[in-house]
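A.B. asks: Attaching a single structure in structure tokens format; questions to follow.
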Amino acid sequence: MTSELAAKTCIPCRGGVPPLPSDEIRKLLGQLGGDWKVVDDHHLQKDYAFKDFAEALAYTNRVGAMAEEQGHHPDIYLAWGKVGVTVWTHKIDGLTESDFVFAAKCDAVLSGAVPPG
């Protein structure tokens with residue numbers, strides 16, 4: 001289900017566009033699946049669990065590399081056995097489709113199947 005979103009490329013937001021409305025947010029969230037939460041129609045958040053700090057750090061580094069490639073940067077919280085990812089488009093202080101694309105790519109990074117683009 002996330003592969004369609006994960007196969008897309010994040011499109012940089014230049015500002016001047018409105019954040020997604022609630023109905024569009026719900027539609028895209030349904031395409032994400034996985035334990036992603038929408039918080040106040042403003043940002044996406046998900047916690048990933050790992051067996052130890054080394055695995056959590058390795059995942060964080062893979063997400064960081066993917067973020068650089070996509071030009072879309074999340075807030076990442078790293079702790080022993082846990083990584084929290086929070087995504088939104090800072091230029092518009094809300095959500096765009098690219099935030100959902102990025103979230104799907106985070107899940108793909110976890111499975112080791114990050115699609116190109």
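The values are calculated or read from the model by the stated rules, or taken from the named source; none is laboratory data. Treat the numbers as computed from the prediction; the structure is a model and nothing was measured. All Cβ positions, glycine included, derive from the backbone under ideal geometry; neighbour counts span all protein chains shown.
A.B. asks: Condition first: buried (at least 17 other Cβ atoms within 10 Å of the Cβ), at pLDDT 80 or above and of a type in the set (S, T, Y). Now tell me which residues in region 1-51 satisfy that.
C.D. replies: Y48
A.B. asks: If A67 satisfies every condition in (1) touching a Pro at 6+ places or on another chain (Cβ under 9 Å); (2) closer than 19 Å to L28 by Cα but one, which is the exception?
C.D. replies: The one condition A67 does not meet is (2).
A.B. asks: Restricting to region 52-91, what's the tally of residues that are exposed (fewer than 13 other Cβ atoms within 10 Å of the Cβ) and within 11 Å of the chain's Cα centre (by Cα)?
C.D. replies: 1
A.B. asks: Determine the pairs where a residue that is touching a residue at least 40 places away in the same chain (Cβ under 8 Å), located within region 25-37, has a partner that is exposed (fewer than 12 other Cβ atoms within 10 Å of the Cβ) and part of a helix (DSSP H, G or I) with Cβ atoms under 8 Å apart, the partner being 6 or more residues away or on another chain.
C.D. replies: Close Cβ pairs (under 8 Å, with a partner that is exposed (fewer than 12 other Cβ atoms within 10 Å of the Cβ) and part of a helix (DSSP H, G or I)) amount to Q31/E4.
A.B. asks: Something else about it: Mind checking which strands (runs of 3 or more DSSP E) fall wholly inside region 14-117 and carry at least 2 residues that are of a type in the set (F, W, Y) and out of contact with any helix residue (DSSP H, G or I) (no Cβ under 9 Å at 6 or more places or on another chain)?
C.D. replies: Result: empty, no element qualifies.
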